[in-house]
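Encoded as C-alpha cells, the structure appears first; notes follow it.
Read-outs: derived from the displayed coordinates by stated rules, not from any lab. The structure displayed is predicted, hence computed values, not measured ones. FYI the Cβ positions are ideal-geometry reconstructions off the backbone, even for glycines, and counts take in every protein chain you see.
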Amino acid sequence: MKAATHVIHSDPDILGGIPVFVGTRVPVKTLLDYLEAGDPLDEFLDHFPSVRREQAIAVLELAKKMLTTYANPA
C-alpha cells in the first residue's frame, strides 16, 4: 500500500485523521461523493483546486487496484 502514501495522508491533527489528499485538507471521500452523485471529475477539481488531477486519478487507480485485487486475489 506504499502508493497510497503518495496521494493520501491521515493525521489526527488534520480533520481528526480523516484521509485527505496529500498537501490539502480535502477528504478523499469528497471525491467519491462527487462521483457517486454523478458529477464529473472536472467539477470536483474546479471546486477543490488544491487537488491536482494526477492526485485524483491516482486515488481512483488505487481504489480500482484494491477492489480488483480483493475480488480476484492472485
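If Lys and Arg each add +1 and Asp and Glu each add -1, what is the summed charge of the other residues whose beta carbon sits under 12 Å from the beta carbon of LEU60?
Values: positive: ARG53, LYS64, LYS65; negative: GLU54, GLU61.
Local net charge: +1.
Using only the alpha-carbon atoms, what does the chain span along each of its principal axes? Please give whole angstrom values in decreasing order.
Projected onto its principal axes, the Cα set of the chain covers 37, 30, 19 Å.
Please compute the net charge surrounding GLY17, taking Lys and Arg as +1 and Asp and Glu as -1 over other residues with Cβ under 14 Å from its Cβ.
On the way: positive: ARG25, LYS29; negative: ASP11, ASP13.
Its environment carries a net charge of 0.
Kindly provide the helix-only [θ] at 222 nm of the chain, computed as the sum of -39,500 (n - 2.57) over DSSP H runs of four or more divided by all residues, to the nearest 500 deg cm²/dmol? Can you show the working numbers first?
Numbers: 4 runs with 39 residues, N = 74.
Mean residue ellipticity at 222 nm (helix-derived): -15500 deg cm²/dmol.
Based on DSSP loop calls and a cut-off of at most 16 other Cβ atoms within 10 Å, the longest stretch of the chain free of exposed trypsin sites (Lys or Arg not before Pro) is what? Display every interim value, and only then the final one.
Values: sites that count: LYS2, ARG25, ARG52.
Result for the longest clean stretch: 26-51.
Using Cα pairs closer than 8 Å and at least 6 residues apart in sequence, work out the relative contact order for the chain, in percent. If you can, show how the numbers build up before the last one.
On the way: 56 pairs, mean separation 18.0, N = 74.
Worked out over the chain, it gives 24 percent.
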